[in-house]
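Derivation of every value follows stated rules applied to the coordinates shown; laboratory data play no part. Since we're looking at a predicted model, the values are computed, not measured. When we count neighbours, we look across all protein chains shown, and the Cβ atoms used for this are built from the backbone with ideal geometry, even at glycine.
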Amino acid sequence: MSVTEPEQPADGEEIEEFKGRATHGIIFPVYSRFHQKGSEMLPIYRNARLPLLVIGGWATAGIVAGGPTIIELLYDPRYI
């Protein structure tokens, strides 16, 4: 019996998995609940979208602004 190490996900797969789980586990159930009640969907969509856009914007800004520092921390000075 041979023991193999678990397969590591490729770059970006974790992000795609998180987005899928967030979409199917949080966002769609909220939309479904309000749709079943007969509520107007546009305001609900706008309210649900705003926090996701803010979080995504902050994450993107953090990566862009912190990029040089991240590189300095990850790489040996000889390679910078």
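Computed values, structure above
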{"read-out": "Förster-model FRET efficiency, 30 Å R0, E40 and T69, C-beta, rounded to 0.05", "value": "0.10"}
{"read-out": "Karplus-derived HN-Hα couplings along the range 58-63 (A = 6.51, B = -1.76, C = 1.60, θ = phi - 60°), whole Hz, x at Gly and Pro", "value": "5, 5, 5, 4, x, 5"}
{"read-out": "Correct choice for P(r) over Cα pairs in 5 Å bins from 0, in percent that was computed from the model, options (1) 3, 11, 12, 14, 14, 12, 11, 8, 7, 5, 2, 1, 0; (2) 3, 11, 11, 13, 11, 9, 8, 7, 10, 13, 4, 1; (3) 3, 13, 15, 14, 14, 13, 10, 8, 5, 2, 1, 1, 0", "value": "(1)"}
{"read-out": "Computed E for R78/F28 - FRET, C-beta separation, R0 41 angstrom, nearest 0.05", "value": "0.25"}
